[in-house]
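*Asks:* My structure is below; once you've seen it, I'll send some questions.
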Amino acid sequence: MSFIPTFEIGLWNAWIFMVWLIVTPFLSSFVIKEKGVNKILRTSVPMKYEKTLNIISMAAVYIGFLYSIFLPLTINTIWFYLGFLIFLFGFIFDLSVFITIRGAKLDKPFTNGPYKFSRHPLYFALFVIIISISMMSLSWVFLLIAITCGIHLFIVAPIEEKYCLKKYGKLYQEYIDRTPRWIGFPKSGKTTKLG
């Protein structure tokens, strides 16, 4: 990892892996059966500084995508192979989320498939994919983008959970009690309660 970012146009640059994050929202429109599910996924949860946070996060993703066009991968290094394995995990996990929500019902929270392991599997997959790209390219700039997105997700997740508690009530509280917020992080014992 060098202090000066690398800029080099090429076919084997990081954009190959970043494309998935741009394609995902469009793919969801075709994969999900019930139109209302797409609306729920795009629902904005009211919160303080929502517009600012969303602008910063989306700017980070789009800057990351533009930068990825010029960001060469460090092929034939241990970091590339490790990052590629992590990317595959995130990619498969992301696909499994879309398969799960394809048959979701609008009157219940999503609790099947990857939602059994994390209350926010889409966020988890996004973060894993961006981290994997920073590893495959050994880019500190991409790592900063990943950290920016991660901070945004850590702020938004609890707010979304409060929204879901109001919407689904006891059903969602039971889900919170048995499912960790993030994969790899044990439940803290502190839970959000209806109030």
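*Asks:* Of TYR172, TYR168, TYR115, which residue is within 16 Å of the chain's Cα centre (by Cα) and surrounded by 14 or more Cβ atoms within 10 Å (Cβ to Cβ)?
*Replies:* TYR115 is the lone residue from the list that is within 16 Å of the chain's Cα centre (by Cα) and surrounded by 14 or more Cβ atoms within 10 Å (Cβ to Cβ).
*Asks:* Would you confirm, using the coordinates I've provided, whether ALA104 is in contact (Cβ under 8 Å) with a residue 60 or more places away in the chain, of a type in the set (A, V, I, L, M, F, W, C) and either buried (at least 18 other Cβ atoms within 10 Å of the Cβ) or at positive phi (or both)?
*Replies:* yes
*Asks:* For PHE65, all conditions in the list (1) outside any helix (DSSP H, G or I); (2) surrounded by 16 or more Cβ atoms within 10 Å (Cβ to Cβ); (3) not charged (D, E, K, R) hold save one; what is the number of the exception?
*Replies:* Tallying (1) outside any helix (DSSP H, G or I); (2) surrounded by 16 or more Cβ atoms within 10 Å (Cβ to Cβ); (3) not charged (D, E, K, R), PHE65 fails exactly one: (1).
*Asks:* Would you confirm, using the coordinates I've provided, whether MET47 is under 21 Å from the mean Cα position of the chain (by Cα), at pLDDT below 80 and not in a helix (DSSP H, G or I)?
*Replies:* Answer is yes for this residue.
*Asks:* Could you name every one of the helices (runs of 4 or more DSSP H) located completely within segment 70-181 that has at least 2 residues being within 28 Å of ASN13 (Cβ to Cβ)?
*Replies:* By residue number, 78-102, 121-137, 140-168.
*Asks:* Among PHE127, PHE154, which is free of Cβ contacts under 8 Å to residues at least 40 places away in the same chain, within 30 Å of ILE63 (Cα to Cα), of a type in the set (Phe, Trp, Tyr) and crowded, with 20+ Cβ neighbours inside 10 Å?
*Replies:* PHE127
*Asks:* Here is a check on your reading of the model: is GLY184 without any contact (Cβ under 8 Å) to a residue 40 or more places away in the chain and part of a loop (DSSP other than H, G, I, E, B)?
*Replies:* yes
The values are calculated or read from the model by the stated rules, or taken from the named source; none is laboratory data. The structure presented is a predicted model; accordingly, all values stated were derived computationally and were not measured. Cβ: placed from backbone, ideal geometry, glycine included. Neighbour counts: every protein chain shown.
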